[in-house]
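Here the structure comes first, spelled out in structure tokens, and everything after it is commentary.
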Amino acid sequence: MSAQEAARLPTQHADDDKVLPFQVDPLDVRGRVVRLGTALDKAIENHNYPAPVARALSEAITLAVLLGSTLKDAGRLILQTQTDGPIDFMVVDVVAPEKVRAYARFNRKRLAAAGKATTGELLGNGHLAMTVETGAANQRYQGIVALNGASLEEAAHTYFQNSEQIPTRARIAVGEEMLAGEKMRWRAGGILVQFLPKESARAQQGDIDPGDAPEGTPKHEVKEDDAWIEAKSLVETVEDHELLDSSLSSERLLWRLFNERGVRVFDALPVEAHCSCTRDRVYDMLKSFTPEDRASMVKDGKITVTCEFCGRVYPFEPDEVEAETK
């Protein structure tokens, strides 16, 4: 910390629905802490998901917010899983700097038969794709990592090792809390750290096992930097209750972890559940269909479209759309 930067004690104020960026200069790490309360509940409440689905989708939302919060205005991150498990599809759409929406598809019978399975087991085998769009240059790139029963945390580690080649560690926790009137709501917390030294050689990692090397071939191993070992070890000590405790501010959590080294925090970023669907957008979508397709959508005298993200229902009179398309 330079002489121009004032040192202060961590704030005690609660900071739900915010992402707090931070930096630990002696360890050459940067990261973010996110705490989600009302925003998370609003993102999933309209679908009445069974608890295991709500938990899995909440984990995906937390991870997507941690990753998407680095994008500038008009940037977008889409996290999507497609697998063969009881929860066969999830998508989280984060539009920088603060808007998030999400949806999950699942098989109710298979979900009930799965019992107390972990999120990784409920997803099963398939892949996780992260698509990033940068608004300024209209650029788009995608990274894909296999899912084989592992947690979303582990998938994120593999993604960064393969696609970004940045040593990364993430911790995510999801739970329910009781509100006044015995109403339950979901909340989540997460922390992500990345090792970003000036000398890139310090961040070198061992090559991924290709899977087809001859038997007995030694694995490519690289000695980890001491600073990174310390940083990731500290993050791995974070307990679920610390990430979920609404009375423990993100700054206090960071102070617990890194006060001996000194940690800098930056302006917190807000997070809100927000769906971009509108009646006009749905109307334009309906006009793109053929008259035959629209006719097949009519039920009880109306064309009714439900947004899969927010659950909002848009009813249309058939003649209302037909008149505009003639």
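Descriptive notes on the structure:
- One residue stands out among those in the stretch 169-185 that are over 15 Å from the mean Cα position of the chain (by Cα) and in a strand (DSSP E or B): the one that is farthest from Ala54 (Cα to Cα), which is Leu179.
- Filter pass, Glu308 being among the acidic types (Asp, Glu) and within 28 Å of Leu71 (Cα to Cα): yes
- Neighbours by Cβ (under 6 Å, 6+ apart or cross-chain): first from the stretch 278-290, under 12 Å from Ile303 (Cβ atoms); second surrounded by 12 or more Cβ atoms within 10 Å (Cβ to Cβ) and of a type in the set (A, V, I, L, M, F, W, C): Val282/Val305; Leu286/Val321
- Residues satisfying the stated conditions in the stretch 280-326, i.e. among the aliphatic types (A, V, I, L, M) and exposed (fewer than 12 other Cβ atoms within 10 Å of the Cβ): Val313, Ala323
- Each residue in the stretch 162-187 was checked for being farther than 19 Å from Ala117 by Cβ and crowded, with 17+ Cβ neighbours inside 10 Å, and 6 pass.
- Options Arg8, Arg110, Arg105, Arg35: the member that is in a helix (DSSP H, G or I), among the basic types (Lys, Arg) and farther than 28 Å from Asp225 by Cβ: Arg110
- One residue alone among Lys72, Lys42 is assigned to a helix (DSSP H, G or I) and either outside the structural domain of Glu133 (by TED's automatic domain parsing) or surrounded by fewer than 22 Cβ atoms within 10 Å (Cβ to Cβ) (or both), and that residue is Lys42.
- All helices (runs of 4 or more DSSP H) inside the stretch 237-309 with 2 or more residues being over 24 Å from Ser58 (Cα atoms): 250-258, 279-287, 291-297
- Among residues of the stretch 80-102 being in a strand (DSSP E or B) and of a type in the set (Asp, Glu), the one that is nearest to the chain's Cα centre (by Cα) is Asp93.
The values are calculated or read from the model by the stated rules, or taken from the named source; none is laboratory data. No experiment lies behind these values; they were computed from the predicted model shown. With ideal geometry, Cβ positions are generated from the backbone for all residues, glycine too; neighbour counts draw on all protein chains shown.
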